[in-house]
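Notes to accompany the following structure.
The numbers here are math on the coordinates, done by the rules we state, and not lab data. Keep in mind that what you see is a predicted model, and the values were worked out from it rather than measured. Here the Cβ positions follow ideal geometry from the backbone for every residue, glycine too, while neighbour counts run over all protein chains shown.
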Amino acid sequence: MSTSDIILKLSNIESYYGPIMAIRGISLEVPRGQIVTLLGANGAGKTTVLKTISGILDPQKGSIEFLGKPIQRMEADRIVRLGLSHVPEGREVFPFLSVRENLMMGAYLRKDRDGVAQDLERVYGYFPRLKERLGQPAGQLSGGEQQMLAIGRALMNRPTLLLLDEPSLGLSPILVKEIFTIIRRVNEEQGMSILLVEQNAKIALETAHYGYVLEIGRVVMNDTCERLLNSPDIQEFYLGAKEAGARGERRWKKKKTWR
């Protein structure tokens with residue numbers, strides 16, 4: 001794969017929360033037009049990776065290239081202007097603004113009024129329920145509707161790369177299926193590259209093209225999602241094995257072949 005086909009490249013990134021190292025020398029790539037997923041237990045560093053990419057956290061070491069440009073230590077608003085949108089864990093909609101006002105906040109950097117209007121209609125096509133609730137305060141929406149709104153708001157920036165942090169969090173299985181159907185549509189119809197953090201490993205691997213497995217801030221495995229789905233280790237630790245959590249974590253850490 002040529003360099004121009006890689007939209008995002010992390011090389012040996014280290015990030016800290018105070019004195020605590022949260023990610024330890026992580027390297028990964030997101031190819032143009034593909035969905036890449038990050039898997040790992042709570043505390044593995046997945047959210048920290050997204051925050052470091054989008055400029056919320058500054059890495060202490062390593063480099064981040066987006067569209068061939070170094071963005072480590074760049075201000076978050078400049079990164080957004082380059083074409084990167086981040087949907088954070090917990091949605092973080094503006095609760096007292098209407099649905100429409102929330103969506104328009106995603107387009108606040110844009111000057112192309114006709115393009116904004118077109119993208120607004122496209123978001124309504126993805127999420128018809130949002131169109132039905134345009135004047136309603138976002139804080140009155142259900143959890144699933146707020147997730148739709150958060151994704152729709154990010155799409156209004158017309159990003160080249162979309163970062164999604166736990167889009168299934170707190171949602172019913174029916175809504176999870178609906179959200180991930182839209183994620184696939186966005187990727188297929190717009191050719192949008194997506195970096196996805198998701199606790200539901202099965203649906204993440206069924207949706208994405210390539211995956212990285214994180215453990216305690218390190219990448220311990222990466223491969224195509226098809227191969228990861230068929231991996232005995234992934235099946236045991238992420239796809240419904242009956243192992244007790246603590247015992248499973250201890251066994252996972254003993255797998256030296258993954259280092």
Two pseudo-spin positions, 7 Å from Cα along C-beta at residue 172 and at residue 114, lie apart in nanometres by 4.2
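When a/c reaches 1.5 or more, the comparison of a/b and b/c decides; with that in mind, is the stretch 75-121 rounded, prolate or oblate per its Cα gyration tensor?
Taking the square roots of the gyration eigenvalues as a ≥ b ≥ c, the stretch 75-121 is oblate.
How big, in percent, is the set of alpha carbon pairs in the stretch 95-158 lying more than 13 Å apart? Intermediate results must be reported in sequence, preceding the final value.
Values: 1097 of 2016 pairs.
The proportion of pairs with Cα distances above 13 Å equals 54 percent.
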Excluding residues fewer than 8 positions from residue 111 in its own chain, the aspartates and glutamates with Cα under 18 Å of it are 77, 101, 119, 121
From the Cα centre of the stretch 128-152 to that of the stretch 166-243, the distance in Å is 24
Pseudo-spin-label distance residue 17 to residue 82, built 7 Å along Cα→Cβ, given in nm, is 2.5
Place a point 7 Å from the Cα of residue 190 in the direction of its beta carbon; the residues of the stretch 117-147 whose amide N falls under 12 Å from it are 118-127
Here the residues of the stretch 92-107 lying in the modelled label zone of residue 131, meaning backbone nitrogen under 17 Å from a point 7 Å along Cα-to-Cβ, are 99-101, 103-104
Going from the fewest other Cβ atoms within 10 Å to the most, one would list 48, 207, 181 as 181, 207, 48
With 0.36 nm assigned to each residue of separation and the Cα-Cα distance removed, residue 9 to residue 69 gains 20.6 nm
One would report the antiparallel percent of DSSP beta bridges in the chain, rounded to the nearest 5, as 60
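Could you calculate the contour length gain from residue 104 to residue 216, that is, 0.36 nm times the residue separation minus the distance between their Cα atoms, to one decimal place in nm? Working shown, then result.
Working: separation 112, 0.36 × 112 = 40.32 nm, distance 3.76 nm.
Length difference between fully extended and current span is 36.6 nm.
Which value in deg cm²/dmol, rounded to the nearest 500, describes the helix-derived mean residue ellipticity at 222 nm for the chain, given -39,500 (n - 2.57) per DSSP H run of n ≥ 4 and division by the residue count?
On the way: 11 runs with 100 residues, N = 259.
Computed ellipticity for the chain at 222 nm equals -11000 deg cm²/dmol.
Estimate the FRET efficiency between residue 142 and residue 223 by the formula 1/(1 + (r/R0)^6), using the beta-carbon distance for r and 35 Å for R0, to the nearest 0.05.
Numbers: r = 36 Å, r/R0 = 1.03.
About 0.45, to the nearest 0.05.
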